[in-house]
Amino acid sequence: LPLDSIIINKPLSIYQAFRGIFISVLLSFAVLCVLIFYLLLSIGRRKKAEQELTASSNFLNSVLDNLPDIVFVKDAKDLTFVRLNRAGEAIFGETAEQVIGKNDYDFFSEKEADVLAEKDRDVLTSRKLHDIPFEQIHTSIGIRQFNTKKIPILDERGNPAFLLGISRDITEQMTANREKN
């Protein structure tokens, strides 16, 4: 066309024809990219938090399982075991998985279980630490003497949720004291 030509019905470029849609698509794409970035960032933080939680849980389990004293946790409602360390497994003669969900009546004579359950209820009712200096219990490895401390673990409303117990086997110490005297 000559330089001074006037174009009538000049065709619009695709950008000019669909400028509003083009800008909307670009903005939507930018928003989606930002959202994907934050989603990936959030996933990374969550995975890191899960790894830290797992490491912390493994550490706590390792500490509890390597304690020489028996550590157990019972549900406050029905006094069933919810946690038991390795030292406790030896006393019960069963793995922690086999003990969890059971109560004292599943392992001890009715008389012993009644005494243990009564002490557990006293601790939960008083909501205070109880130090039981001497308990004699028939275990899977024979008659043993224990010094036991029990304390309620309270929920956010101050009601007992669990009972924590730590028992030290004092059988050898008691035998040594008797032989000394």
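The values are calculated or read from the model by the stated rules, or taken from the named source; none is laboratory data. As the structure is a prediction and not an experimental result, all values here were calculated from the model. When we count neighbours, we look across all protein chains shown, and the Cβ atoms used for this are built from the backbone with ideal geometry, even at glycine. When the accessible area is computed, the model is the full protein with side chains, heavy atoms only, and any ligands, DNA or RNA have been set aside. Shrake-Rupley method; radii C 1.70, N 1.55, O 1.52, S 1.80 Å.
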Failed item, numbered, when Leu3 is tested on (1) hydrophobic (A, V, I, L, M, F, W, C); (2) in a loop (DSSP other than H, G, I, E, B); (3) surrounded by 10 or more Cβ atoms within 10 Å (Cβ to Cβ): (3)
Among the candidates Asp131, Asp122, residue that is modelled with pLDDT of 95 or more, within 17 Å of Thr148 (Cβ to Cβ) and not in a helix (DSSP H, G or I): Asp131
Filter result for Val82 (within 30 Å of Ser140 (Cα to Cα), in contact (Cβ under 8 Å) with a residue 12 or more places away in the chain and open to solvent by 50 Å² or more (accessible area, probe 1.4 Å)): yes
Single condition Lys149 does not satisfy, out of (1) free of Cβ contacts under 8 Å to residues at least 24 places away in the same chain; (2) open to solvent by less than 70 Å² (accessible area, probe 1.4 Å); (3) not in a helix (DSSP H, G or I): (2)
Options Ala87, Ala30, Ala17; residue that is more than 30 Å from Asp122 (Cα to Cα), modelled with pLDDT under 95 and either open to solvent by less than 60 Å² (accessible area, probe 1.4 Å) or of a type in the set (D, E, K, R) (or both): Ala17
